[in-house]
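Novice: I have a structure here, written as structure tokens, and I will follow up with some questions on it.
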Amino acid sequence: MTATPTARGTRLRLGRDTRRMVLLVHLAASLGWFGADVVLGVLAVTGFVSDDPARVAACYTALHVFAVPVLLTLGLVSLASGLTLGLASRWGVVRTRWVLVKLVINLVLVALVPVLLQPRLAEVARQVRQVDAGLAERLGRIPQDLLFPAFVSGTALLVAAVLAVWKPWGPTRRR
Ligand code: HEM
């Protein structure tokens, strides 16, 4: 990776594979971020509509454990990779409106996580702990086979994303 001065400011130079790598990271983080928001929504709506206190408590606890670290990490990785792609392409970071709007969306959403979401989730999780302090001990550890789906599906989707960016192997025999 090198930086070259141009008439329109300094432009990063990335080799083809490095650019693809950064694009892959950007796609995985940005769309993974959207996926995390879907999970966040499902947990929040379930916690909101359910009449079963154990299920509501589980949703709140899950939200507290997962939302802040996942959303912050994916948001910051999307930001860093997006800035790199912008600086290394004709799109720039503030040169084109579609990139600038994405930058603003990204910065606002990332800032909202520690400012609004984190304190609210910490408060809700504290309430849940007060309601039933012994619940975690009674439930015990999650069954081991439930550890695999996220790993298997996550790896397969990553392979699909690599194929989408690199497009290897050429055509099949059936044209
Ligand atoms: C807000 C969350 C974001 C989402 C959901 C997102 C999504 C995407 C997607 C799906 C693409 C692929 C487009 C394509 O190849 O046709 C892309 C490319 C790109 N993104 Fe983002 N992005 C986000 C944030 C950012 C940020 C913050 C920046 C920079 C400040 C940025 C800069 C770029 C650039 C320059 C490309 C083009 C890469 C290239 O083809 O050369 N993105 N983004």
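Novice: Report every pair of residues separated by at least 6 positions or lying on different chains whose Cβ atoms are under 6 Å apart, first residue within the stretch 13-34 and over 9 Å from Ser81 (Cα atoms) and more than 8 Å from the ligand (Cβ to nearest atom), second open to solvent by less than 40 Å² (accessible area, probe 1.4 Å) and assigned to a loop (DSSP other than H, G, I, E, B).
Specialist: Leu14/Ala88
Novice: Kindly provide the set of residues from the stretch 103-127 that are aliphatic (A, V, I, L, M) and free of Cβ contacts under 8 Å to residues at least 12 places away in the same chain, ordered by number.
Specialist: Val104, Ile105, Val108, Ala111, Leu112, Val115, Leu116
Novice: Given the criteria open to solvent by 50 Å² or more (accessible area, probe 1.4 Å) and modelled with pLDDT under 90, does Thr18 qualify?
Specialist: The answer is no for Thr18.
Novice: Any idea how many residues of the stretch 24-35 are closer than 23 Å to Ala58 by Cα and surrounded by fewer than 18 Cβ atoms within 10 Å (Cβ to Cβ)?
Specialist: Residues meeting the conditions: 2.
Novice: Within the stretch 114-126, track down each residue that is modelled with pLDDT under 90 and open to solvent by 80 Å² or more (accessible area, probe 1.4 Å).
Specialist: If the condition is that a residue be modelled with pLDDT under 90 and open to solvent by 80 Å² or more (accessible area, probe 1.4 Å), then Arg126 is the only one that fits.
Novice: Which residues, taken from the stretch 85-100, are out of contact with any Lys or Arg (no Cβ under 9 Å at 6 or more places or on another chain), more than 6 Å from the ligand (Cβ to nearest atom) and among the β-branched types (Val, Ile, Thr)?
Specialist: Val94
Novice: Same structure, new question: How many of the residues making up the stretch 73-105 are outside any loop (DSSP other than H, G, I, E, B) and open to solvent by less than 50 Å² (accessible area, probe 1.4 Å)?
Specialist: Looking only at that region, the number is 11.
Novice: Another question about this same structure. Would you check if Arg129 is more than 29 Å from Thr2 (Cβ to Cβ), away from the ligand (no atom under 13 Å from the Cβ) and surrounded by 12 or more Cβ atoms within 10 Å (Cβ to Cβ)?
Specialist: yes
Novice: Can I ask one more? State the number of residues belonging to the stretch 35-64 that are in contact (Cβ under 8 Å) with a residue 12 or more places away in the chain and within 27 Å of Thr155 (Cα to Cα).
Specialist: Residues meeting the conditions: 11.
Novice: If you check Ala111, Ala67, which single one turns out to be in a helix (DSSP H, G or I) and either open to solvent by less than 30 Å² (accessible area, probe 1.4 Å) or away from the ligand (no atom under 13 Å from the Cβ) (or both)?
Specialist: Ala67
Novice: Evaluate the following for Ala62: is it in a helix (DSSP H, G or I), more than 16 Å from the ligand (Cβ to nearest atom), open to solvent by 30 Å² or more (accessible area, probe 1.4 Å) and modelled with pLDDT under 90?
Specialist: Against the criterion (in a helix (DSSP H, G or I), more than 16 Å from the ligand (Cβ to nearest atom), open to solvent by 30 Å² or more (accessible area, probe 1.4 Å) and modelled with pLDDT under 90), Ala62 does not qualify.
The values are calculated or read from the model by the stated rules, or taken from the named source; none is laboratory data. Keep in mind the model is a prediction, meaning the values are calculated, not measured. With ideal geometry, Cβ positions are generated from the backbone for all residues, glycine too; neighbour counts draw on all protein chains shown. The protein model used for the area step is the full one, side chains on, heavy atoms only, and it has no ligands, DNA or RNA in it. Shrake-Rupley method; radii C 1.70, N 1.55, O 1.52, S 1.80 Å.
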